[in-house]
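S.K.: Below is the structure I would like to discuss, written out as structure tokens.
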Amino acid sequence: MADNQEIWAAEARRALMEVAGGYRRTTTYPELAETVQTSSGVRTSNLLQNWIGKTLAKVALECSSRGEPLLSALCVSSVDGRVGDGYAKAVEATYGESPADVEWHAAEERLRCYRHFGATDLPADGGTAALTQSVVAMRAKAQKRDLSRRREHGQACTECYQVRSLAGVCGCSW
């Protein structure tokens with residue numbers, strides 16, 4: 001399978017460069033896996049999660065050696081629109097630090113990919129980084145849930161929604 005990884009990584013790089021040609025485009029792990037196996041002619045019966053991460057790690061290493069943005073940021077989960085666990089490792093290996101917010105880092109890296117690889121529909125102003133729609137929805141839901149919980153428990157101010165201190169002080173009190 002080690003030889004297959006090299007073949008798949010080359011095909012994944014080509015496929016991801018094509019994805020980067022469209023502003024705000026992403027692909028999913030299953031889509032990339034199918035593309036890679038079809039274009040290479042090398043198939044596997046192994047579960048996706050047992051090989052796609054290694055393939056993307058090789059793509060990230062190649063991008064790093066070329067001084068390019070990480071194309072692996074363009075590949076997200078079909079379930080929740082998030083980058084996989086391996087993305088943070090690739091960032092650390094490439095940039096020397098782990099991102100505080102992996103999803104936001106991936107959004108910024110995707111923008112760098114669109115710019116670097118010449119997205120044909122990139123706005124004249126260079127575009128902006130964006131989380132995937134699924135991640136935006138998840139974060140909004142979590143924020144709404146947190147605000148709701150704070151209101152229910154009387155911990156948050158009903159005007160500024162900040163959590164009150166034990167003394168009852170909030171942002172409105174400043």
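The values are calculated or read from the model by the stated rules, or taken from the named source; none is laboratory data. Every value quoted in this text rests on a predicted model; they were computed, and no experiment measured them. Heads up, the Cβs are rebuilt from the backbone with ideal geometry, glycines too, and the neighbour counts pull from every protein chain shown. In case anyone asks, the SASA skips ligands and DNA or RNA and just uses the protein heavy atoms, side chains included. Shrake-Rupley method; radii C 1.70, N 1.55, O 1.52, S 1.80 Å.
S.K.: Tell me, what is the per residue accessible area of the chain in Å², probe radius 1.4 Å?
M.R.: Counting only protein heavy atoms, the per-residue value for the chain is 59 Å².
S.K.: Here's something else I'd like to know. Among the lysines, which have Cα under 29 Å from the Cα of LYS54 when same-chain residues fewer than 8 positions away are ignored?
M.R.: Reachable lysines: LYS89.
S.K.: Also, I was wondering about something else. In the chain, with Lys and Arg counted as +1 and Asp and Glu as -1 at Cβ, which of these residues, VAL163, GLY118, GLY84, has the Cα nearest the positive end of the dipole, that is, farthest along it?
M.R.: With unit charges placed on the Cβ atoms, the residue in question is VAL163.
S.K.: Separate question: Using only the Cα atoms of the chain, build the gyration tensor, take square roots of its eigenvalues as a ≥ b ≥ c, and label the shape rounded, prolate or oblate: rounded if a/c is under 1.5, else prolate if a/b is larger than b/c, else oblate.
M.R.: Judged from the Cα gyration tensor, the chain comes out prolate (a/c at least 1.5, a/b above b/c).
S.K.: Rounded to the nearest 0.05, what FRET efficiency do ALA140 and ARG43 have when you use their Cβ-Cβ distance and R0 = 30 Å?
M.R.: So, using R0 = 30 Å, E works out to roughly 0.15.
S.K.: Just grab the label-to-label distance for SER65 and ASN50, each label 7 Å out from Cα along the Cβ direction, in nm (one decimal).
M.R.: Taking the two extended label points, one gets 2.7 nm.
S.K.: I've got another one for you. Packing-wise, with mean Cβ within 10 Å as the measure, how do 11-22, 125-136, 46-57 rank, highest first?
M.R.: Ranked from most to least packed, the peptides come out as 11-22, 46-57, 125-136.
S.K.: Then there's this: Carbon and sulfur: what percent of the chain's accessible surface (1.4 Å probe)?
M.R.: Exposed carbon and sulfur together represent 50 percent of the surface.
S.K.: Does the range 58-142 classify as rounded, prolate or oblate by the C-alpha gyration tensor (a ≥ b ≥ c root eigenvalues; a/c under 1.5 gives rounded; else a/b over b/c gives prolate, otherwise oblate)?
M.R.: oblate
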